[in-house]
Amino acid sequence: METNEISKELVINIIRTVIDPEIGINIVDLGLVYDVMIEGRTIDITMTLTTPGCPMHGSIIDWVQRIITMTIPDSIVNVNLVWEPKWTPDKMTAEAKQQLGM
């Protein structure tokens, strides 16, 4: 894949395949991905987790980096984990809320 083909939409669609193992919904629909910035081959993702003590924190970050580099092999992926703003269920998409019966 050429660098000029990397778009925010593409990256979001790729990381939508990463499922939060405790909740069973992808991290995009859960509202955990706050921002995606692309500069050249570098992709910076700002995201959070449902709780600061999430036991899967290292795995989820690793899954995000791996799925992007597998799909866009020439990319450099940085995942910036933040705790502000704090995640709340209102950040979920309507689809995610429906899946959880909310």
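Observations on the model:
- Listed by chain and number, the aspartates and glutamates whose C-alpha is less than 20 Å from the C-alpha of residue 8, apart from same-chain residues fewer than 8 away, are 29, 35, 39, 44, 62, 74.
- C-alpha center-to-center spacing [segment 71-90, segment 4-70] in angstrom: 5
- Length-normalised contact order of the chain in % [C-alpha pairs under 8 Å, at least 6 apart]: 31
- Computed from label points 7 Å out along Cα-Cβ, the spacing between residue 44 and residue 8 is 1.4 nm.
- Simple spin-label estimate for residue 66 and residue 82 gives 2.7 nm between the two label positions (7 Å along the Cα-to-Cβ direction from each Cα).
- For the chain, the list of GluC sites (Glu not before Pro) that fall in a loop by DSSP and count at most 16 other C-beta atoms within 10 angstrom reads 2, 22.
- Residue-averaged 222 nm ellipticity for the chain, from DSSP H runs of 4+ at -39500 (n - 2.57), nearest 500: -8000 deg cm²/dmol
- Counting only DSSP beta bridges with both residues in the chain, the antiparallel share comes to about 55 percent.
- With viscosity 1.567 mPa s and temperature 4 °C, the Kirkwood radius over alpha carbon pairs of the chain converts through Stokes-Einstein to a diffusion coefficient of 93 µm²/s.
Bear in mind these aren't lab numbers, they're just calculated from the coordinates by the rules spelled out. Note that the structure is predicted; figures quoted are calculated from it, not measured. Virtual Cβ from ideal backbone geometry, glycine too; neighbours counted across all protein chains shown.
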